[in-house]
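See structure below.
Only the coordinates and a few stated rules stand behind these numbers; no lab work does. From a predicted model like this one, the values you see are computed outputs, not experimental measurements. Cβ coordinates were reconstructed from backbone atoms using ideal geometry, including for glycine residues, and neighbour counts include every protein chain displayed.
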Amino acid sequence: RAGGLRQAQPGSPPHVSRDQAPGGPGRSGQGPRPGSAAGLRCGTTVFIPTQALRGTLRYLGPIDGKPGMWAGVELDEAGAGKNDGTVAGKAYFSCPPSTGIFVAPSKIEPGGISHNSTA
């Protein structure tokens, strides 16, 4: 079958590559699908435990010039971020200045709830 999602071979680690993305039928021929991986979906609340930051996942996918997948998060706390969703002049999502941050998807937890949360 041409253009369908490829199944991982038994024993191989699950991953999302440039030519394979989760998300079901109808995605063939569209390349990578930023926006979902390992239970993460754009628009959901997430928590970054290593930085004790909470926000909304706005982008999930590759970033030009950087290896691997990246999660773009619009933080709940204005000024706690490093950017406005732009990296090297390319906009991946939009948010107020110093409110966006990009981290490895493995560094975020869906739901935005920390076991140490005081909020």
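Quick notes on this structure:
- Count Lys and Arg as plus one, Asp and Glu as minus one, and take only other residues whose Cβ is under 15 Å from that of THR99; the net charge is then -1.
- In terms of the mean number of neighbouring beta-carbon atoms within 10 Å, the peptides 65-73, 42-50, 83-91 order highest first as 65-73, 42-50, 83-91.
- Spacing of the two label points (7 Å from each Cα toward its C-beta) at ALA80 and VAL103, in nm: 1.0 nm
- Taking packing as the residue-averaged number of other Cβ atoms within 10 angstrom, the listed peptides 52-61, 98-107 run from highest to lowest as 52-61, 98-107.
- Summing Lys and Arg as +1 and Asp and Glu as -1 over all other residues whose Cβ lies under 13 Å from the Cβ of GLN51 gives a net charge of 0.
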